[in-house]
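The values are calculated or read from the model by the stated rules, or taken from the named source; none is laboratory data. Just so it is clear, the structure is predicted and the values come from calculations on it, not from any experiment. Note that we place each Cβ from the backbone using ideal geometry, even for glycine, and neighbour counts take in every protein chain shown. Remember, those area values only see protein heavy atoms, side chains included, never the ligands or the DNA or RNA. Shrake-Rupley method; radii C 1.70, N 1.55, O 1.52, S 1.80 Å.
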Amino acid sequence: MTVAVMELQGAAAANRLLWERPTERGRTFLLTVLAFAGGAARARIAGGTDVQSGLVGFGRAAELLSRERAASKQTAAAVREPLARAATAAAPLMRCSDPAVVTATEQLLNALSDVEDTARLEAALEAFGRAVNAATAPRLSWWARRRAARTG
């Protein structure tokens, strides 16, 4: 479950890095303007009217934006696989006999819905780790429990 969460965080960070930074948006804008101007200039050189060159420029800009949008959606779709892995890893944990593990797993899955909220995700991951560690810790022997009760 922890590995799936880390993979999901990595995919979301890559998506942010590749598409959502202001510099990337600025580059897309600049490329769109250049595609428009280049298309308009080529149409004008070929003997087109102002309206025709404007339409060709808009067409070139639309082509570029369409390719950028497709690439952006492909990158965003890369988040789907780690999210599916997290859900698959959570399924057996949701049937655990320990209610603390079930609750922690639910909270972790809810935190995954907004991967951008890293503080919430880290807190849910930490609570999940504590719950699983408590549920899987070896139980003290009868003698050790009796001795602990006598000293406590």
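Calculate what fraction, in whole %, of the accessible area of segment 54-133 sits on carbon and sulfur atoms when a 1.4 Å probe is rolled over the protein chains.
Carbon with sulfur: 57 percent of the solvent-accessible area.
How big is D, in µm² s⁻¹, for the chain by Stokes-Einstein at 4 °C and 1.567 mPa s if Rh is the Kirkwood radius over C-alpha pairs? The Stokes-Einstein estimate is 66 µm²/s. A DSSP coil position with no more than 16 other Cβ atoms inside 10 Å describes the following trypsin sites (Lys or Arg not before Pro) in segment 46-130: Arg95.
Axis of helix 50-77 versus longest Cα principal axis of the chain: the two differ by about 10°, to the nearest ten degrees. Maximal additional length on extending the Asp98-Ala135 stretch stands at 12.7 nm, based on 0.36 nm per residue less the C-alpha distance. At R0 = 30 Å, how high is the FRET efficiency between Ala148 and Thr88 if r is their beta carbon distance? Nearest 0.05 is fine. The calculated FRET efficiency here is 0.20. Each of Thr88, Leu55, Asn15 was scored by the projection of its Cα onto the charge dipole of the chain, and the greatest displacement toward the positive side belongs to Thr88; charges sit on the C-beta of Lys, Arg, Asp and Glu.
Please get the size of the charge dipole for segment 1-126, origin at its Cα centre, with Cβ charges of +1 on Lys and Arg and -1 on Asp and Glu, quoted in debye to the nearest 20.
780
When the convex hull of its Cα atoms is viewed from all sides, segment 87-149 shows a mean projected area of 5.2 nm². Ordering of 104-111, 136-143 by packing is 104-111, 136-143, highest average first (other Cβ atoms within 10 Å, averaged per residue). Note on segment 56-115: the alpha carbon radius of gyration divided by the globular reference 2.2 N^0.38 Å gives 1.86. At an R0 of 41 angstrom, the distance between the Cβ atoms of Ser113 and Leu34 translates into a FRET efficiency of 0.60.
Inverting the pair-averaged 1/r between distinct Cα atoms of segment 1-85 gives 14.8 Å as its Kirkwood hydrodynamic radius.
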